[in-house]
Amino acid sequence: MARMKLRKLEEYLQGVDGFEQPKILLEQYPTPPHIAACMAHHMQAQHGDIEGRLVGDLGCGCGMLSIASTLLGAQLTVGFELDGDAVDTFRSNVVEMELPNVDCVRTDVLQLAGSKWEKSFDTVVMNPPFGTKHNAGMDMRFLEVALRLANTAVYSLHKTSTRAYIQKKAQEWGARGSVVAELRYNIDASYKFHKHKSKDIEVDFWRFDISEE
């Protein structure tokens, strides 16, 4: 299973149900199957950070990245999500796809620092809220928590416009950050304030290395 090809992985992920009624305050934008597949595939193919590993998924939503990690052979994947509706969808996706070793915990990600989950995961993956609208700086708060939960690496998506700032903060927090890829993230018009049917934003796919040299 862990040797699954990228195209096959993306096909599987197209069967993952998304948000029925996305909540604007939580910045609920689903991770597109193509991006999730590319992220997970890179994490495993280039760094061996999924197969046989313990993987955490912060702000997991309906489970796209958790499911991608599980399909690529994670030993155990745990998603963390605040929204009960998303948790329900996550769990029904997992049941429908008959996936073992994947679970979802309903909690506020920001409360995980200092919890029993600190340093519990080899790898943490996330597509955090980008910190727009009511959530200024939220992606950085997620990143700070992620770095406390992981032992080896954190993978995350952030707006390209914040690259220099993220590099600086990562160093302050003791991580070596590198941009793996530049993506154009297509956000469909899920909310009333979107004037265009769909909008592309430039997003960096980061790997933060926190393993001991």
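The values are calculated or read from the model by the stated rules, or taken from the named source; none is laboratory data. What you see is a predicted model; the values in this text were computed from it and never measured. FYI the Cβ positions are ideal-geometry reconstructions off the backbone, even for glycines, and counts take in every protein chain you see. These accessible areas exclude ligands, DNA and RNA; they are computed on the full protein's heavy atoms, side chains included. Shrake-Rupley method; radii C 1.70, N 1.55, O 1.52, S 1.80 Å.
Structural remarks
- When the GluC sites (Glu not before Pro) in the range 47-115 are filtered for DSSP coil states and for at most 12 other beta-carbon atoms within 10 Å of their beta-carbon, the remaining sites are E98.
- Inter-site label distance for L99 and E118 at 7 Å from Cα along Cβ, in nm: 2.9 nm
- A simple count of charges around S178, restricted to other residues whose Cβ falls under 13 Å of its Cβ and scoring Lys, Arg +1 and Asp, Glu -1, yields 0.
- Per-pair calculated FRET efficiency, R0 = 25 Å: S178 and E202 via Cβ, rounded to 0.05: 0.90
- Within the shell defined by Cβ-Cβ distances under 14 Å, the residues around Q14 carry a net charge of -2, with Lys and Arg each +1 and Asp and Glu each -1.
- In this structure the amide hydrogen of L183, modeled in the peptide plane, comes within under 5 Å of the amide hydrogens of V203, D204, F205, none closer than 5 places in sequence on its chain.
- Spacing of the modelled spin labels on T107 and Q46, each 7 Å from Cα toward Cβ, amounts to 3.0 nm.
- Estimated at the nearest 10 Å², the accessible area of D209 is 30 Å² with a 1.4 Å probe.
- Å² per residue, accessible surface of the range 26-178 at 1.4 Å: 40 Å²
- With every protein chain in place, the range 44-143: carbon and sulfur % of accessible area (1.4 Å): 45 percent
- The amide H of D49, built 1.01 Å from its N in the peptide plane, has Q44 as neighbours under 5 Å, considering only residues 5 or more places off or on other chains.
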